[in-house]
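The values are calculated or read from the model by the stated rules, or taken from the named source; none is laboratory data. The model shown is predicted, which means the values in this text are computed figures rather than measured ones. Here the Cβ positions follow ideal geometry from the backbone for every residue, glycine too, while neighbour counts run over all protein chains shown. Just the protein is used for accessible areas: all its heavy atoms, side chains included, with ligands, DNA and RNA removed. Shrake-Rupley method; radii C 1.70, N 1.55, O 1.52, S 1.80 Å.
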Amino acid sequence: MSTTTMPLAPSEARENLFRKDRQYGPMLEGSWVPAPRYVLRRERILAALAARAPGRVLEVGCGAGALLRELADLGHECTGLEAAPAAASVARTMNNGANRTQIVSDPSSDWNEGFDILLAFEVLEHIEQDAQALREWLAWLKPGGLIILSMPAHMRSWSKRDEWAGHVRRYEREDILRLAAEAKVQIELIECYGYPLATFTNWLANKRFRNKEKAGGAADPLAATAASGTDRSVDLAYFGMQQNWLGRFAMTLACWTQRLFLKTDLGDGYIIVASKS
């Protein structure tokens, strides 16, 4: 059986596959589905934004654009920056009908201090010069604006899946504090999310990734980075179990349970909420 990314149908057909699940949020059935780690991360990101008034949102490296679709439905004016053509195409399909969202491939010259909220989820770990990239992104954020980042935690957890996705590193808490200091942002919250479910799902995924090369069949880490946000070839195989009543109960329990451990470093990823000085 092939393990490459399932090809997307023509745009007109893909629009009919869009569904907003009551528990998991937007998805494109058969093309992009929310993996367990995404669900755990999404729960914390939406909690961080819950009290925030609608504003101009920029997501850097928006991938499939599922979270942007949710934020647009909540009244935010959303822009997704996605350089990978395949991912940008999926994001446009995901946001078809969301009039307050645009997906672009390049930053605009009029973005300087133009956004109220800046988001980047699972992006910095792909970039060699992460501090420089963060400084560049912050130029697009208004003074006092909110920034929310996520990244995988702990180099001791480095695995085949990191190589598959084109990661450069995983992060420790001290790495995050260093980045924040260099970027001159004020950290409001650091959470280490995903424990304990992500520990099990990573073990399971690594078994499936054992014989895979890189995301989307890429030949190098840069191309793997471009494909990693939308290659759901492994997750699609398990999503049926995630949708049945037992899977839904387990994901609900996991989202609640991870809250008990957010202040520890036991989780699989970090979420940082900060403000621009």
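Some observations on this one:
- Inter-probe distance in nm under a simple model that places probes 7 Å from Cα toward Cβ, at Phe249 and Ala83: 4.6
- Of all beta bridges that DSSP places with both ends in the chain, some 50 percent have antiparallel geometry.
- Global geometry of the range 80-127, whether rounded, prolate or oblate, following the gyration tensor of its Cα atoms and the 1.5 cut on a/c: oblate
- Taking the 1.4 Å solvent-accessible surface of the chain as the whole, the part contributed by carbon and sulfur is 55%.
- Per-residue ellipticity at 222 nm, computed for the chain from helices alone with -39500 (n - 2.57) per DSSP H run of at least four residues, works out to -11000 deg cm²/dmol.
- Given +1 at the Cβ of Lys and Arg, -1 at the Cβ of Asp and Glu and no other charges, the dipole of the chain around its Cα centre is 820 debye to the nearest 20.
- Of the peptides 240-252, 139-151, the ranking by mean beta-carbon count within 10 Å, highest at the top, reads 139-151, 240-252.
- Global form of the range 69-185, assessed from the alpha-carbon gyration tensor, a/c cut-off 1.5: oblate
- Accessible area of the range 51-177 divided out per residue, in Å², using a probe of 1.4 angstrom: 40
- For the chain: rounded, prolate or oblate by the Cα gyration tensor [a/c cutoff 1.5]: rounded
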